[in-house]
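Single-structure report; data block below.
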Amino acid sequence: MLTVFVALAAVATVAPPVDGTRAFFVFGDSLVDNGNNNYLATPARADSPPYGIDYPSHRPTGRFCNGKNVPDLISEALGAETTLAYLNPELKGNKLLVGANFASAGVGILNDTGVQFAVIIRIHRQLEHFHQYQRRVSSLIGEQQAQELVNKALVLITLGGNDFINNYFLAPITPRRLQFNIQDYCQYLISEYKKILQRLHDLGARRVLVTGTGPMGCAPAEILLRGINGNCAEEPQRASAIFNPSLVQMISGLNKELGSDVFVAVNAVDQIFDSPQAFGFVISNVACCGLGPYNGIGLCNPASRLCQNRDIYVFWDAFHPTERVNRIIVQTIFNGSQKYMSPMNLSTIMELDSRT
Ligand SMILES: *[C@@H]1O[C@H](CO)[C@@H](O)[C@H](O)[C@H]1NC(C)=O
Ligand SMILES: *[C@@H]1O[C@H](CO)[C@@H](O)[C@H](O)[C@H]1NC(C)=O
Ligand SMILES: *[C@@H]1O[C@H](CO)[C@@H](O)[C@H](O)[C@H]1NC(C)=O
């Protein structure tokens, strides 16, 4: 009797999401990892101060930022709770219906990206986790409801940066550099990325934001390694200039094949580097937190120099932007023009989706 009562109570407390909210799923690398790597034995982690110094808890959470990252700010703008890391044991019951963050710092499009980080969750494994998640939600609310939750969800995927920074450009000579010139490497990455997006569609995703890499040569780590006089490094810049437009093109073709605008290309970062001052930034080539020239060596840690005013820096650490940059990215995702959001911005998508 008691067990029956408990079982009924458990079913009753798990209701499908209320009107107006949609689940949110996140895949990709450190730009969007909400703490999965904290559960893994990998050096690719942001679990020591001053990471998180401007986060509501003022503690490190595994996010590679001083404060909130892009997924947090998308959730905030949607009026939803932030998604939990998939490996977080608190992700169970009702919390599953909010969505989940499958991202893992250090990963790329390719399996050989980030090998130096050992046991990170590579993208194919992230997609397996998504499948596993759907089985868990099915047993909670039924298969049909679970499928509807996934079909109506918003998805974000951020990949590609590490395939350059932590693979092709990792050393003066790398296996991928010996195999491909930059142009051909970009085409290879795009063709592999297309398969990943198709798999995401097969798994039920119907609205997917796909972010470009931004200007990779402008990261303080790259300026330190390869830049001249503090300017953005040329080769990674050339890679960005090929990869990002190719991504837009691939997505446009994929949407045509699918007969639906499932995928949306996001290129929201270049505008900031074009005129940092216009956005109120004063320093764009030195990280707020770090060591060495441009604070460009390694990740941020308790021994790092730390800037006073985080809001005037584009970069938080040698690779990752400040919360203020993330806010501009998310504003652009919602309200940006077609120059940055292709084929359309998230406000338009939400308007379209609210009619069906
Ligand atoms: C990467 O690994 C997955 C399995 O984990 C495999 O399905 C996929 O084909 C591999 N990708 C490449 C490009 O080898
Ligand atoms: C987008 O624009 C609308 C209308 O101007 C505004 O209410 C909303 O806050 C903006 N969204 C974001 C995330 O900036
Ligand atoms: C983006 O969003 C705003 C509303 O916030 C809208 O006015 C604008 O036309 C949209 N732009 C595109 C290209 O979809």
Rounded if a/c is under 1.5, else prolate if a/b is larger than b/c, else oblate: which is region 14-138, with a ≥ b ≥ c the root eigenvalues of its Cα gyration tensor? oblate
Which residue fluctuates the most in the chain, going by a Gaussian network model with Cα springs under 10 Å, if the choices are Arg122, Arg238, Arg45? Arg238
Based only on Cα atoms, what Rg/Rh ratio does the chain have, Rh being taken as Kirkwood's radius? 0.97
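For every helix of n ≥ 4 consecutive DSSP H residues, a contribution of -39,500 (n - 2.57) applies; sum these over the chain, divide by its total residues, and give [θ] at 222 nm rounded to the nearest 500 deg cm²/dmol. Please report the intermediate quantities before stating the final value.
On the way: 11 runs with 134 residues, N = 356.
So the calculated ellipticity at 222 nm is -11500 deg cm²/dmol.
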For the chain, take the longest principal axis of its alpha carbons; what is the angle in degrees between that and the long axis of helix 182-202, to the nearest 10 within 0 to 90? 10 degrees
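Rounded to the nearest 0.05, what FRET efficiency do Asn231 and His124 give with R0 = 45 Å and r taken as the Cβ-Cβ distance? Could you check? Can you show the working numbers first?
Details: r = 37 Å, r/R0 = 0.82.
Step by step, r from the Cβ atoms, then E = 0.75.
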Listing Cys232, Cys288 by rising number of other beta-carbon atoms within 10 angstrom, fewest first, gives Cys232, Cys288
Taking Cα centroids, how far is region 282-356 from region 170-219 in Å? 20 Å
Dividing the convex hull volume of the alpha carbon atoms of region 20-68 by its residue count, what do you get in Å³ per residue? 93 Å³
Could you pull out the pairs from Lys92/Lys152; Lys92/Lys195; Lys68/Lys256; Lys152/Lys195; Lys68/Lys194 whose alpha carbons sit more than 25 Å apart here? Lys92/Lys195; Lys68/Lys256; Lys68/Lys194
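Once R0 is set to 41 Å, what does the formula 1/(1 + (r/R0)^6) return for the Cβ-Cβ distance between Gln331 and Arg135, expressed as a FRET efficiency to the nearest 0.05? The partial results should precede the final answer.
On the way: r = 36 Å, r/R0 = 0.88.
Calculated value: 0.70.
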Using the beta-carbon distance between Gln249 and His58 and R0 = 45 Å, what value does 1/(1 + (r/R0)^6) give for FRET efficiency, to the nearest 0.05? 0.60
So the angle from the long Cα axis of helix 2-13 to the longest Cα principal axis of the chain, reported in degrees to the nearest 10, equals 50 degrees
quick note, region 22-354, DSSP beta bridge pairs, % antiparallel (nearest 5) is 25 percent
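Laboratory data are not the source of any read-out in this text; all were calculated from the coordinates shown. The model shown is predicted, which means the values in this text are computed figures rather than measured ones. Note that we place each Cβ from the backbone using ideal geometry, even for glycine, and neighbour counts take in every protein chain shown.
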